[in-house]
Structures are given as C-alpha cells and as structure tokens.
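Reading through the structure tokens given below for one structure.
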Amino acid sequence: MGHKVAGVIIENKQGDITKQPDLTAIVNAANAQLRMGGGVAGAIHRAAGPGLEEETRAMAPIKPGEAVISGGHKLPNKHVIHCLGPVYGQDKPEAEKLSNCYKNALRIADENKVESIGFPAISTGVFGYPVKEAAQVAFQTIIKEAPQLKNVKTIKFILFSNSDLEVHEEVLNELVKD
Ligand code: AR6
C-alpha cells in the first residue's frame, strides 16, 4: 500500500487522526484563529484538551497556506502542525494555497525533527475543495518536497471515510509508479 519517493514512505490509511500514537506529528486543518472549530480541528482540540488552544492563541491569526507548530498536549503525538487551507471558490488561486499548506507543514516538521507525520484531507470538508483535485495537489507537492526532507521518513494520510481513502489511493497510484 505504501510508496517510496526519495527515501520517504507515503501511504494512505482510513482512521481518526486523533488516534495515531505511532506518528510524531499530526496536521490540523485549522481555522485562521487557531481555535477549536468543527471538523477535524474540533476533534483534535477536544482530544488535546484546552492547553492546545491556550498555546495556539498567541500564534493566530494565520493566512491560507501558512502553517505553525505546537505541542501535542493530551494527544499521543509530540506535535500538532496547524495549516489553514483555502476556502474553495474564494481563496484564489486555491491550488497554490493548498500546495503551500503541504509544503510549509513538511518544512516545519523537518525543522523540528519530526520522523512521521499524519495529514487529514485539508480543505475538503467545510472548505469545499473537491477531494480528487485536493489529493492531486497534495501528492504532487509531497513528491516535489520529498528529496529536500532530512528527518521526515513517513508521511501518512489519515482519511476519515472509505471513499476518501479510495480516491487518495487512486491518485497516489497514478502519480507514483514503483
Ligand atoms: N480524523 C481524520 N479526518 C477527519 C476527522 C478525524 N477525526 N474529522 C474530520 N475529518 P474539515 P477544512 C475529515 O471540515 O475543509 C473547521 O470547522 C473530514 O471528513 O475538518 O479544511 C475548522 O475550524 C474532511 O475529509 O477541514 C475550519 O474553520 C477533512 O477531515 C474549517 O473547518 C477536512 O475537513 C476547515 O475546513
């Protein structure tokens, strides 16, 4: 199921991103204020406890495409990397802003010696980005960034639904033939 690009394993998995103890860092599809919110952000803040919002408040607001790092608090992960994805149809050009999310998240992870990182499908929920288009942008960006990574060895997509898992598998298989 996993693919290897420039020594980095890229794989997809179905699950809840708040329950991934094997990952050094997880990524949050955040809001600009880095507050609890709904969707995956709500789930991450609930699992992390109020200490997470206390820490992130000082870093807000962030703009679409930006990423910041915090501790994991009560999560089983050392860090949470918060990215603000673009709102589809509004934060244009959306593909560039979504790509910046993945690029900035990976760079910040690498700088902080993260070995394994888990991404949700950023912008594909409340922000309305079509899943297949978003997966293409995500994997193209990751493939381009992989050769520059010194510490990150595993990149996992943690997809909530089986249909999102299938779309991500299809796109990854199209882009990486190994
Ligand atoms: N684990 C993995 N994926 C999840 C989980 C989970 N526990 N919960 C939801 N997802 P969204 P966005 C999936 O809406 O589109 C928030 O209110 C979900 O099925 O969380 O970037 C924030 O506060 C979908 O596939 O993020 C922002 O205001 C994906 O995560 C806004 O929504 C992303 O959906 C961000 O919107």
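The values are calculated or read from the model by the stated rules, or taken from the named source; none is laboratory data. In this text, all values refer to a predicted model and were calculated from it rather than measured experimentally. When we count neighbours, we look across all protein chains shown, and the Cβ atoms used for this are built from the backbone with ideal geometry, even at glycine. Accessible surface is based on the protein model in full, side chains and every heavy atom, while ligands, DNA and RNA are left aside. Shrake-Rupley method; radii C 1.70, N 1.55, O 1.52, S 1.80 Å.
Among (1) part of a loop (DSSP other than H, G, I, E, B); (2) surrounded by fewer than 19 Cβ atoms within 10 Å (Cβ to Cβ); (3) within 14 Å of the ligand (Cβ to nearest atom), there is one condition LYS74 misses while meeting the rest; what is its number?
The single condition LYS74 does not satisfy is (3).
Among the residues of the stretch 22-62, count how many are in a helix (DSSP H, G or I) and either within 17 Å of VAL87 (Cα to Cα) or polar (S, T, N, Q) (or both).
Result for the stretch 22-62: 4.
Mind listing whichever residues of the stretch 82-112 are more than 15 Å from the ligand (Cβ to nearest atom) and under 19 Å from ILE143 (Cα atoms)?
Correct list: GLU96, LYS103, LEU106, ARG107, ILE108, ALA109, ASP110, GLU111.
Go through (1) open to solvent by 10 Å² or more (accessible area, probe 1.4 Å); (2) within 16 Å of the ligand (Cβ to nearest atom); (3) not hydroxyl-bearing (Ser, Thr, Tyr) one by one and return the number of the condition GLU174 breaks.
Answer for GLU174: the failing condition is (2).
Which members of the stretch 92-120 meet the condition of being out of contact with any helix residue (DSSP H, G or I) (no Cβ under 6 Å at 6 or more places or on another chain), in a loop (DSSP other than H, G, I, E, B) and within 21 Å of GLY37 (Cα to Cα)?
Result: no residue meets the conditions.
Scanning the stretch 16-34 for residues that are free of Cβ contacts under 8 Å to residues at least 60 places away in the same chain and more than 7 Å from the ligand (Cβ to nearest atom), which turns out surrounded by the fewest Cβ atoms within 10 Å (Cβ to Cβ)?
PRO21
Quick test of your reading of the structure: GLY38 fulfils all but one of (1) open to solvent by less than 10 Å² (accessible area, probe 1.4 Å); (2) within 16 Å of the ligand (Cβ to nearest atom); (3) small (Gly, Ala, Ser). Name the failing condition by number.
The one condition GLY38 does not meet is (1).
Considering (1) touching a helix residue (DSSP H, G or I) at 6+ places or on another chain (Cβ under 7 Å); (2) surrounded by fewer than 16 Cβ atoms within 10 Å (Cβ to Cβ); (3) of a type outside the set (Asp, Glu), say which one TYR88 fails and leave the rest.
(2)
For the stretch 41-69, give me the residue count where each residue is within 14 Å of the ligand (Cβ to nearest atom), within 24 Å of LEU98 (Cβ to Cβ), more than 15 Å from the chain's Cα centre (by Cα) and open to solvent by 40 Å² or more (accessible area, probe 1.4 Å).
Qualifying residue count for the region: 2.
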